[in-house]
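The values are calculated or read from the model by the stated rules, or taken from the named source; none is laboratory data. Bear in mind that the values here come from a model prediction, so they are computed numbers and not experimental data. Heads up, the Cβs are rebuilt from the backbone with ideal geometry, glycines too, and the neighbour counts pull from every protein chain shown. Surface accessibility is based on the protein's heavy atoms, side chains included, excluding ligands, DNA and RNA. Shrake-Rupley method; radii C 1.70, N 1.55, O 1.52, S 1.80 Å.
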Amino acid sequence: MGQKRFSLEGGETLIPILWEIIEKGAELGTDEFVLGMAHRGRLNVLTNILNKSYSMVFSEFEDFLDPNLIELTGDVKYHKGYSSNVNTSKGKQIHVSLTANPSHLESVNPIVEGKVKAKQIHRKDTMRKLIVPVLIHGDASFAGQGVVYETLQFNSIAGYKTGGTIHIIVNNQIGFTTLPNEYRSTHYSTDIAKCFGCPVFHVNAEDPEGCILATQLAVQLRQDLHSDVFIDLTCYRKYGHNESDEPSFTQPLEYQNIRKKKSIREIYRDSLIGQGVVERQMALDLEEEFKKGLRYELEELKIKKGVVVAEAFGGVWQEYGKATKEELFQPTPTAVDAASLKEIGQKICLVPDGFTIHSTLKRLIERRKKMVEGEIPIDWAMGEQLAFGSLLLEKTHVRLSGQDSQRGTFTQRHAVWVDQKTNHRYFPLSHLHEQQGEFTVYNSTLSEFAILGFEIGYSLAYPSALVMWEAQFRDFANGGQVVFDQYLVPSEQKWHRFSGLVVLLPHGYEGQGAEHSSARLERFLQLSAESNMQVVYPTTPGQYFHLLRRQVKRSVRIPLIVLTPKGLLRHPQCVSTLDDLEKNTFQEILDDPKAKREATTLMLCTGRIYYDLIAERKERKRDDIAIIRIEQLYPLHHEKLMQTLKRYKKFKRYLWVQEEPRNMGAFGYIAPILEEFLPQKPQYIGRRKSASTAAGSHAMHEKEHVELMKKAFESST
Ligand SMILES: Cc1ncc(C[n+]2csc(CCOP(=O)(O)OP(=O)(O)O)c2C)c(N)n1
């Protein structure tokens, strides 16, 4: 009593519609459905479609706490995911999963699409008929949330299409207390479907058989045309927004009518009785039997007090597990022998016969050849190519998606070559070996929310792959903030699901203004806890190479946030040798390779600013200073950091130097940690507190930079 269940009364026909989707889909070749839906009717779907037992649902209502699960923060019952195998009336087994989702309405849509895409690739479902996404929406959220449009846009785009999604709008003609004329300008809630030329069936929930016929057509169209299809289920909401919410404050007349109505079950039951299909007593007996069953399950549960939690490491996740913090610091063998690196280098620098390559690209390819021959050092982009190439040769599936990621926003990656005469597109990393892993790199739609969500979904369903999302430019990543906060960051703690997604975020203060400087490092650090993710700001191509490989080589999957460079892509000192890739592994802390052990000042920093600091130190001939880089900020390898600092026995002071304003960057995170381990507080060197991430004017940026360097070096004399 008194609990929220977001009941479906008024829209119960959703359940037979879903059953029909499974039945008809099975008939037309589908054996797996991935469902995404919000609160309304979710418990009904879990029990009636996915066969989640009533005792399991009741146990969640009773809120019994299993001491073994105490570490999991979890989420409320009407957000939880579940999966099971169900049998159709013709005896075909169908796998159905309902994706976990937060309160954020419609945010689950791209996650579902990404999961389906990964499953289709994994199972080689090239016709996209085996695995089908089904999304269930509310009428207000469908009309209002931008991510709906962003996700619909995937429909026919190669890297993202899933062969058509079946949408059901549970159109109860209200959103909480808001009426249709307040929440939309369009005639129908579904009108956005018209942009994509998709079929829409407007059906009446009080006519279940009509709804079933429309569903059959919709499924047939999805399978034949690979179009998204929409079932707009016109219905009403029997109670308030939830069962304890009083609707007549704001909708008195509507609710006077609704209270007079017979339920859909009663209407349909009476129609069947009227047609002589079923006898009244039999129908009443069936109802009573069902209620008895519910009471029995509730009593049983009170005796057992059990909670069953879905298994995280089943199916494609069998080889993976959870790691302790200590295990996360175990060095992972990620080195690749010189012969393999050369082989990869030669293959990715081979221009196919008859292919007209752009003259600048030709020069770049010549340089890349020299890099694997050891004639010139390896730059950032080549470090990345070699990381991808080596994983592909080891049969790992590598997927990268982001705006303009094929060429690379900063003209650095060149993962695609375009024939200058024919426009033919060639992906060198796809031509390494007949037996290699699948390499896919996509220029994404101009979306952050949906694309990031899609790639998370992909990573959840394809743990062996290296799955990467790249933000185009620094601040734009915050367009995907809901996905970071609600899905990626608490994935393990909230959902008991693991994601090895790599997020590449260009970051660095190079005078390009507020939206082109900061990836908001501080936010990721603030969100880090319980080893939920890795936040890394690597400074060399070699480190980046090992980091990407480590992500796949380990048997744990934790999101990896990488701050990536722009200016450093072509910085003469931001290079590595073949030896670095052949021998080393990723280092969480990088000691100063040039400093004397007698150094009296230690400068601690992370990322790009290191190169400014070493240049300034050279200029000022300050060999009393050592510059130590924290490459992995979270989880922080305290022990290694302390060991590194202890090597400088004579140090008198230490500084934290960053290019971000004081209220941003890593300072707020790192200062309390350093204070705990070291006798003094770190001296802060960086920009002063600021509301905006960076100065708009380049001249102002330069001025700030000069002052920053001055402060760093003059306060340490
Ligand atoms: C992104 C987001 N904004 C606001 C809310 C708060 N909220 C919860 S339910 C609801 C109304 C949803 O209406 P509708 O989509 O028609 O679904 P219904 O509850 O009627 O089934 C709102 C605004 C939310 N959950 N998510």
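Would you kindly identify the helices (runs of 4 or more DSSP H) lying entirely within the stretch 321-379 that contain at least 3 residues that are touching a helix residue (DSSP H, G or I) at 6+ places or on another chain (Cβ under 6 Å)? Before you say what the answer is, go through the steps one by one.
Working: elements: 325-328, 338-348, 359-372.
Hits in the stretch 321-379: 338-348, 359-372.
Tell me which of these GLN220 doesn't satisfy, since it passes every other one: (1) surrounded by fewer than 15 Cβ atoms within 10 Å (Cβ to Cβ); (2) in contact with a Lys or Arg (Cβ under 8 Å, 6 or more places away or on another chain); (3) farther than 20 Å from GLY175 by Cβ.
(1)
When you go through (1) at pLDDT below 95; (2) buried (at least 20 other Cβ atoms within 10 Å of the Cβ); (3) among the polar types (S, T, N, Q) one by one for SER715, which number turns out not to apply?
Evaluating SER715 over (1) at pLDDT below 95; (2) buried (at least 20 other Cβ atoms within 10 Å of the Cβ); (3) among the polar types (S, T, N, Q) leaves (2) as the failure.
Exactly one condition in (1) touching a Lys or Arg at 6+ places or on another chain (Cβ under 9 Å); (2) on the phi > 0 side of the Ramachandran plot is not met by HIS496; state its number.
(1)
What number of residues within the stretch 242-286 are within 18 Å of GLU9 (Cα to Cα) and of a type in the set (A, V, I, L, M)?
Result for the stretch 242-286: 3.
Spot the failing condition for HIS424; the list is (1) within 27 Å of VAL503 (Cα to Cα); (2) touching a residue at least 60 places away in the same chain (Cβ under 8 Å), and only one is missed.
(1)
Quick one: would you say SER464 is open to solvent by 10 Å² or more (accessible area, probe 1.4 Å), part of a loop (DSSP other than H, G, I, E, B) and in contact (Cβ under 8 Å) with a residue 40 or more places away in the chain? Let's see the steps before the verdict.
On the way: open to solvent by 10 Å² or more (accessible area, probe 1.4 Å): yes; part of a loop (DSSP other than H, G, I, E, B): yes; in contact (Cβ under 8 Å) with a residue 40 or more places away in the chain: yes.
Spelling it out, SER464 is indeed open to solvent by 10 Å² or more (accessible area, probe 1.4 Å), part of a loop (DSSP other than H, G, I, E, B) and in contact (Cβ under 8 Å) with a residue 40 or more places away in the chain.
Quick check on the stretch 402-420. Is at least one of its residues within 13 Å of the chain's Cα centre (by Cα) and either free of Cβ contacts under 8 Å to residues at least 40 places away in the same chain or closer than 20 Å to ALA118 by Cα (or both)? Lay out the reasoning, then the answer.
To start, the set of residues in the stretch 402-420 that are within 13 Å of the chain's Cα centre (by Cα) comprises 402.
Narrowing further to those that are either free of Cβ contacts under 8 Å to residues at least 40 places away in the same chain or closer than 20 Å to ALA118 by Cα (or both): 402.
For the stretch 402-420, residues within 13 Å of the chain's Cα centre (by Cα) and either free of Cβ contacts under 8 Å to residues at least 40 places away in the same chain or closer than 20 Å to ALA118 by Cα (or both): present.
Can you go through LEU655, LEU641 and tell me which one is in a helix (DSSP H, G or I), open to solvent by less than 10 Å² (accessible area, probe 1.4 Å), touching a Phe, Trp or Tyr at 6+ places or on another chain (Cβ under 9 Å) and hydrophobic (A, V, I, L, M, F, W, C)? It would help to see each step written out before you state the result.
Numbers: LEU655 fails: in a helix (DSSP H, G or I).
Of LEU655, LEU641, the one residue that is in a helix (DSSP H, G or I), open to solvent by less than 10 Å² (accessible area, probe 1.4 Å), touching a Phe, Trp or Tyr at 6+ places or on another chain (Cβ under 9 Å) and hydrophobic (A, V, I, L, M, F, W, C) is LEU641.
In this structure, is PHE484 out of contact with any Gly (no Cβ under 7 Å at 6 or more places or on another chain) and within 30 Å of LEU364 (Cβ to Cβ)?
No.
Condition check: open to solvent by 70 Å² or more (accessible area, probe 1.4 Å), in contact (Cβ under 8 Å) with a residue 24 or more places away in the chain and within 16 Å of the ligand (Cβ to nearest atom). Does LYS238 satisfy that? Walk me through it before giving the result.
Numbers: open to solvent by 70 Å² or more (accessible area, probe 1.4 Å): yes; in contact (Cβ under 8 Å) with a residue 24 or more places away in the chain: yes; within 16 Å of the ligand (Cβ to nearest atom): yes.
Judged against the criteria, LYS238 is a match.
For the stretch 197-215, what are the residues that are assigned to a helix (DSSP H, G or I), open to solvent by 60 Å² or more (accessible area, probe 1.4 Å) and either touching a residue at least 40 places away in the same chain (Cβ under 8 Å) or of a type outside the set (D, E, K, R) (or both)?
LEU213 - this is the single residue of the stretch 197-215 that is assigned to a helix (DSSP H, G or I), open to solvent by 60 Å² or more (accessible area, probe 1.4 Å) and either touching a residue at least 40 places away in the same chain (Cβ under 8 Å) or of a type outside the set (D, E, K, R) (or both).
Can you name every residue in the stretch 658-697 that is in a loop (DSSP other than H, G, I, E, B) and basic (Lys, Arg)? So that I can check it myself, show each step before the final result.
Here is the first cut: in the stretch 658-697, the ones in a loop (DSSP other than H, G, I, E, B) are 662-666, 678-682, 688-697.
ARG662, LYS681, ARG688, LYS689, listed by residue number.
What number goes with the only condition from (1) away from the ligand (no atom under 16 Å from the Cβ); (2) of a type in the set (A, V, I, L, M, F, W, C); (3) part of a helix (DSSP H, G or I); (4) closer than 21 Å to GLU150 by Cβ that PHE524 does not pass?
Unmet condition: (4).
Looking for whichever is open to solvent by less than 10 Å² (accessible area, probe 1.4 Å) and either hydroxyl-bearing (Ser, Thr, Tyr) or part of a loop (DSSP other than H, G, I, E, B) (or both) here; the options are GLY408, GLY453, GLY457. Which one fits? Give the derivation first.
On the way: GLY453 fails: either hydroxyl-bearing (Ser, Thr, Tyr) or part of a loop (DSSP other than H, G, I, E, B) (or both); GLY457 fails: either hydroxyl-bearing (Ser, Thr, Tyr) or part of a loop (DSSP other than H, G, I, E, B) (or both).
Going through GLY408, GLY453, GLY457 in turn, the sole match is GLY408.
Against the definition (closer than 20 Å to VAL535 by Cα and among the basic types (Lys, Arg)), how does ARG497 come out, yes or no? Talk me through it step by step, then tell me what you get.
Numbers: closer than 20 Å to VAL535 by Cα: yes; among the basic types (Lys, Arg): yes.
So ARG497 passes the test.
Go through (1) modelled with pLDDT of 95 or more; (2) of a type outside the set (Lys, Arg); (3) within 16 Å of the ligand (Cβ to nearest atom) and name the single condition SER103 misses.
The failed condition is (1).
Quick check: anything in the stretch 676-684 out of contact with any strand residue (DSSP E or B) (no Cβ under 7 Å at 6 or more places or on another chain), surrounded by 20 or more Cβ atoms within 10 Å (Cβ to Cβ) and of a type outside the set (S, T, N, Q)?
Checked against the condition, which is being out of contact with any strand residue (DSSP E or B) (no Cβ under 7 Å at 6 or more places or on another chain), surrounded by 20 or more Cβ atoms within 10 Å (Cβ to Cβ) and of a type outside the set (S, T, N, Q), the stretch 676-684 yields no hits at all.
Here are some residues: GLU23, GLU12. Which one is in a loop (DSSP other than H, G, I, E, B) and out of contact with any strand residue (DSSP E or B) (no Cβ under 8 Å at 6 or more places or on another chain)? Break it down stepwise before answering.
Details: GLU23 fails: in a loop (DSSP other than H, G, I, E, B).
Exactly one of GLU23, GLU12 is in a loop (DSSP other than H, G, I, E, B) and out of contact with any strand residue (DSSP E or B) (no Cβ under 8 Å at 6 or more places or on another chain), namely GLU12.
Identify the residue in the stretch 113-169 that is at positive phi and crowded, with 22+ Cβ neighbours inside 10 Å and, among all such residues, is nearest to the ligand (Cβ to nearest atom).
Just the residues of the stretch 113-169 that are at positive phi, to begin with: 124, 128, 163-164.
Right, trim to crowded, with 22+ Cβ neighbours inside 10 Å and you get 163-164.
Numbers: GLY163: 26, GLY164: 23 Å.
Selected residue: GLY164.
With respect to GLU246, determine if the residue is open to solvent by 30 Å² or more (accessible area, probe 1.4 Å) and more than 16 Å from the ligand (Cβ to nearest atom). Before you say what the answer is, go through the steps one by one.
Details: open to solvent by 30 Å² or more (accessible area, probe 1.4 Å): yes; more than 16 Å from the ligand (Cβ to nearest atom): no.
Answer is no for this residue.
Tell me whether the stretch 224-235 contains one or more residues that are within 16 Å of the ligand (Cβ to nearest atom), assigned to a helix (DSSP H, G or I) and surrounded by fewer than 17 Cβ atoms within 10 Å (Cβ to Cβ).
So far as the stretch 224-235 goes, no, none of its residues is within 16 Å of the ligand (Cβ to nearest atom), assigned to a helix (DSSP H, G or I) and surrounded by fewer than 17 Cβ atoms within 10 Å (Cβ to Cβ).
State which residue is farthest from the ligand (Cβ to nearest atom) when the search covers only the stretch 22-69 and only residues that are modelled with pLDDT of 90 or more, within 27 Å of the chain's Cα centre (by Cα) and more than 26 Å from ASN171 (Cβ to Cβ).
Here the answer is ASP31.
Assuming GLY29 fulfils every condition listed in (1) touching a Phe, Trp or Tyr at 6+ places or on another chain (Cβ under 9 Å); (2) on the phi > 0 side of the Ramachandran plot apart from one, which condition is it?
Only one criterion in (1) touching a Phe, Trp or Tyr at 6+ places or on another chain (Cβ under 9 Å); (2) on the phi > 0 side of the Ramachandran plot is unmet by GLY29, namely (1).
In the stretch 624-653, what count of residues is obtained for those that are of a type in the set (S, T, N, Q) and in contact (Cβ under 8 Å) with a residue 24 or more places away in the chain? First the steps, then the outcome.
Initial filter on the stretch 624-653 (of a type in the set (S, T, N, Q)): 632, 643-644.
Within this subset, residues satisfying the condition of being in contact (Cβ under 8 Å) with a residue 24 or more places away in the chain are 632, 644.
Selection size over the stretch 624-653: 2.
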